1. Taking the Cα-to-Cβ direction at SER143 and at GLN164 and moving 7 Å from each Cα, how far apart do the two end points lie in nm?
2. Order of 145-153, 72-80 by packing, highest average Cβ count within 10 Å first?
3. Tell me the net charge near PHE61. Cut-off is 14 Å between Cβ atoms, PHE61 excluded, with +1 for each Lys or Arg and -1 for each Asp or Glu.
4. How big is the gap, in Å, between the Cα center of region 141-178 and the Cα center of region 76-137?
5. With a sphere of radius 12 Å drawn around the Cβ of LEU175, what net charge do the other residues whose Cβ falls strictly inside it have (Lys, Arg +1; Asp, Glu -1)?
6. Extension gain LYS132-SER84, at 0.36 nm per residue separation less the Cα-Cα distance, in nm?
7. If you take the square roots of the eigenvalues of the alpha-carbon gyration tensor of region 77-189 and sort them as a ≥ b ≥ c, do you get rounded (a/c under 1.5), prolate (a/b over b/c) or oblate?
8. Could you calculate the contour length gain from ARG189 to ASP96, that is, 0.36 nm times the residue separation minus the distance between their Cα atoms, to one decimal place in nm?
Amino acid sequence: HNYGEQQQQHSSGGFDISQAAGLVSGFLGKDNKQQHGQSGGGSHSQGGIDFSQVASMVSGFMGSSGSHGQQGDMVSSALKLATSGGFNQGHQASHDDMKSSYHNVFGNSGSDGMASKGQSAMGLAAAYMAFKKFQGGGSQGGSQNQLVSMAMSEAKKLFGQHEQQGGSANEKETLATAAQAAMKLFASR
């Protein structure tokens, strides 16, 4: 009879993240038109993203910085934005866009000029950085959830530097851009 209590532990602030992920998967599954006719769109549908798994993986990658609850909420709301169909900063970017954002953000300027970087550039750079690690780690068998988690973790680190230096980009959109770009990179491997 303490089943109800166990249920409560999975919901943050009365919001059940895994249930929401299931609902989002359902919406996406029914409507593959959101794939914009990408070849083999069905197999790479965003329905394959497990929100609660990604949120806990990001918390793991980030270590103890910040409270896990808040991080999980930010990650899942960014994922909702990334998979809702209305936001497409990551989907629109080409591989070359991601690569040049990566060199722009991690290259010559070091971490000093992060305040001037936009959310799109940070998100794309984070996804490309994660993809390099993902491939370099010999994790060809790695999951899409894993790559998206790595990309969002990198984006959170970049955004942290950006914010410390007085930048005013939108964190949720930075993370959503990273998630979308990571999905795109995963599908194009």
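Rule-based calculations on the coordinates, nothing more; no lab input. Please read all numbers here as calculations on a predicted model, not as lab measurements. Cβ atoms come from the backbone with ideal geometry, glycine included; neighbour counts cover every protein chain shown.
1. 3.2
2. Values: 145-153: 26.9, 72-80: 22.3.
Listed from highest to lowest mean packing, they are 145-153, 72-80.
3. Details: positive: LYS133, LYS156, LYS157; negative: GLU154.
Its environment carries a net charge of +2.
4. Comparing the Cα centres of region 141-178 and region 76-137, I get a distance of 8 Å.
5. Working: positive: LYS80, LYS156, LYS157, LYS172; negative: ASP73, GLU154, GLU171, GLU173.
Its environment carries a net charge of 0.
6. Details: separation 48, 0.36 × 48 = 17.28 nm, distance 2.65 nm.
Fully extending the segment from LYS132 to SER84 adds 14.6 nm.
7. Details: a/c = 1.73, a/b = 1.27, b/c = 1.36.
Verdict is oblate for region 77-189.
8. Numbers: separation 93, 0.36 × 93 = 33.48 nm, distance 1.44 nm.
Here the segment from ARG189 to ASP96 would lengthen by 32.0 nm.
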